[in-house]
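What follows is a set of notes on a single structure, which appears directly below.
The values are calculated or read from the model by the stated rules, or taken from the named source; none is laboratory data. Keep in mind it's a predicted model, so treat the numbers as computed, not measured. Quick reminder, even Gly has a Cβ in these numbers, built from the backbone with ideal geometry, and neighbours come from all protein chains shown. The area values use the complete protein model at the heavy-atom level, side chains included, leaving out ligands, DNA and RNA. Shrake-Rupley method; radii C 1.70, N 1.55, O 1.52, S 1.80 Å.
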Amino acid sequence: MKHIAARMSAIQPFHVMALLARARELEAAGRSIIHMEIGEPDFVTPQPVIDAGMQALSEGRTHYTPAVGLPALRERIAAFYAERYGVTVSASRIVITPGASAALQLVMAVLVNPGDAVLMADPGYPCNRNFVYLLNGEPLGIPVDAATHYQPDVQQVRAAWRDNVAALMVASPSNPTGTLLGAEQLQALHAEVTAHEASLVVDEIYHGLTYDAPAVTALSVSDDIFVINSFSKYFGMTGWRLGWLVAPEDVVPEIDKLAQNLFLAAPTLAQHAALTAFEPQNIAILESRREAFRERRDYLLPALRELGFDIPVTPGGAFYLYADCSRFTDDSFRFSEQLLEEAGVAITPGIDFGVNSPGQHVRFAYTTSMENLEEGVRRLRSYLAR
Ligand SMILES: Cc1ncc(COP(=O)(O)O)c(C=O)c1O
């Protein structure tokens with residue numbers, strides 16, 4: 001056995017992958033499975049973006065771009081902030097990355113010394129703690145629940161603070177809970193973090209996928225916040241591996257330096273294609289998809305509540321419902337396995353999102369058609385009635 005770095009023992013795979021593999025196996029054997037575990041839109045990338053990608057390819061746009069991204073795309077994203085949020089963001093602060101994943105890694109690497117801690121909501125996006133482990137830092141989960149809409153509030157952040165905290169990471173809308181942070185909450189969190197001379201990192205990857213009120217960008221609160229976004233979710237471009245980061249101006253040279261070293265540049269074809277993502281005809285497609293997601297949420301949420309899942313806060317965004325399943329089990333992993341095997345419904349157990357009562361929670365993703373959701377609910381109803 002080769003020598004493996006000690007930090008690897010802290011890094012967990014996604015537990016849902018085992019369930020997904022089993023689901024595929026069952027499907028290969030002829031079983032029908034309703035997928036409510038998948039964290040990406042079921043829609044393919046809209047045609048205008050595909051056409052733009054094909055055109056870029058036929059024009060031979062196959063070389064590296066600058067490490068911080070294609071200048072035209074940085075400008076286009078800056079214009080999008082003005083159009084959509086009325087916020088002025090200089091293109092020089094925007095760094096194009098291979099997905100939000102790379103943006104998160106860049107930010108963490110720029111902020112976290114070995115031994116530094118990073119505060120984050122639990123439940124939260126599983127990769128965040130691993131980015132911190134990779135830097136020999138310490139992820140510190142803040143247990144959140146319905147009382148604060150599954151988002152950390154200032155009192156919780158203050159109570160969790162330690163001298164070694166370098167940053168607070170939040171996501172709005174959040175994965176797995178779909179809840180948002182308003183302007184006042186963002187302001188309060190920013191003030192608290194700044195008082196400790198630490199940084200606020202806000203993951204806005206589910207922006208655009210909001211169903212009650214539009215999400216507030218942290219960039220409207222301060223220029224001194226690291227904001228992460230991506231073409232993956234709202235823009236429906238997961239496989240293109242393209243995201244971006246908005247950083248405080250003085251940190252951009254550090255990020256540029258690191259991006260050059262870590263991945264040279266984001267995929268060139270994807271960057272050219274993404275220029276079209278902001279065109280009105282593409283946005284019109286995305287908005288009709290948003291309506292489809294809203295319709296799904298509005299169907300699935302009451303249906304799950306009626307079945308006995310407790311979802312105390314109506315999630316205003318993303319495509320997830322984080323449900324308390326303690327009426328049925330206190331081992332949500334086993335429960336998810338049984339649902340898959342016996343009812344043909346795949347969901348994500350809470351264990352993937354942290355250590356805050358994961359056994360009592362599961363995540364449903366409405367990244368499948370209404371017909372499939374209705375069939376999923378039928379299967380759940382008959383399974384739970386047994
Ligand atoms: C909260 C959150 N952040 C970041 C990511 C990474 O997305 P990508 O690298 O595709 O942009 C995801 C993916 O599911 C996510 O849910």
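Brief remarks on what is shown
- In segment 309-334, residue farthest from N356 (Cα to Cα) [restricted to those that are outside any loop (DSSP other than H, G, I, E, B) and small (G, A, S)]: G317
For every residue, the table says whether it meets (1) in contact with a Lys or Arg (Cβ under 6 Å, 6 or more places away or on another chain); (2) of a type outside the set (D, E).
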site	(1), (2)
R294	no, yes
Y299	no, yes
T329	no, yes
E337	no, no
A343	yes, yes
G354	no, yes
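- Subset of segment 128-139 [open to solvent by 20 Å² or more (accessible area, probe 1.4 Å) and hydrophobic (A, V, I, L, M, F, W, C)]: F131, L134, L135
- Taking segment 189-215 as the range and being closer than 15 Å to A121 by Cβ and either open to solvent by 10 Å² or more (accessible area, probe 1.4 Å) or within 16 Å of the ligand (Cβ to nearest atom) (or both) as the test, the residues that pass are E192, L200, V201, V202, D203, E204, I205, Y206.
- Segment 151-174: number of residues that are open to solvent by less than 20 Å² (accessible area, probe 1.4 Å) and within 16 Å of the ligand (Cβ to nearest atom): 9
- Among the residues making up segment 26-40, those that are in contact with a Gly (Cβ under 8 Å, 6 or more places away or on another chain) and not charged (D, E, K, R) are L26, S32, I33, I34, M36.
- Residues of segment 216-234 satisfying the condition of being more than 10 Å from the ligand (Cβ to nearest atom), open to solvent by less than 30 Å² (accessible area, probe 1.4 Å) and either in contact with a Gly (Cβ under 9 Å, 6 or more places away or on another chain) or aromatic (F, W, Y) (or both): F226, Y234
- In the set (1) outside any helix (DSSP H, G or I); (2) closer than 23 Å to G243 by Cβ, R386 fails one condition alone, (2).
- Only one of E337, E306 that is out of contact with any Pro (no Cβ under 6 Å at 6 or more places or on another chain), in a helix (DSSP H, G or I) and touching a residue at least 60 places away in the same chain (Cβ under 8 Å): E337
- Residues of segment 32-82 that are open to solvent by 50 Å² or more (accessible area, probe 1.4 Å), under 30 Å from R22 (Cα atoms) and not polar (S, T, N, Q): E40, D42, F43, V44.
- Among the candidates T276, T314, the residue that is away from the ligand (no atom under 16 Å from the Cβ), touching a residue at least 12 places away in the same chain (Cβ under 8 Å) and under 22 Å from V216 (Cβ atoms) is uniquely T314.
- Some residue of segment 29-51 being of a type in the set (G, A, S), in a helix (DSSP H, G or I) and out of contact with any strand residue (DSSP E or B) (no Cβ under 6 Å at 6 or more places or on another chain): no
- Residue that is nearest to the ligand (Cβ to nearest atom) [pool: residues in segment 97-115 that are touching a Gly at 6+ places or on another chain (Cβ under 8 Å) and farther than 18 Å from E204 by Cβ]: V112
- Criterion (of a type outside the set (V, I, T) and either more than 24 Å from the chain's Cα centre (by Cα) or buried (at least 24 other Cβ atoms within 10 Å of the Cβ) (or both)) met by exactly one of Q338, Q360: Q338
- Unique residue being more than 16 Å from the ligand (Cβ to nearest atom) and under 30 Å from N130 (Cβ atoms) when the list is I34, I50: I34
- Elements of type strands (runs of 3 or more DSSP E) in segment 176-251, at least 1 residues being farther than 20 Å from D153 by Cα and touching a strand residue (DSSP E or B) at 6+ places or on another chain (Cβ under 7 Å): 226-230, 243-246
- Just one residue in the set A266, A247 is within 16 Å of the ligand (Cβ to nearest atom), under 28 Å from S222 (Cα atoms) and under 23 Å from the mean Cα position of the chain (by Cα); that residue is A266.
- Every listed requirement among (1) more than 23 Å from the chain's Cα centre (by Cα); (2) within 16 Å of the ligand (Cβ to nearest atom); (3) of a type in the set (D, E) is met by E40 save one, (1).
- Condition check for A159: free of Cβ contacts under 8 Å to residues at least 12 places away in the same chain, aliphatic (A, V, I, L, M) and closer than 22 Å to G243 by Cβ: no
- Restricting the first member to segment 50-79 and to residues that are farther than 22 Å from S92 by Cα, and the second to residues that are modelled with pLDDT of 95 or more and surrounded by fewer than 13 Cβ atoms within 10 Å (Cβ to Cβ), the beta-carbon pairs closer than 9 Å and six or more apart or on different chains are I50/V44; A56/T62.
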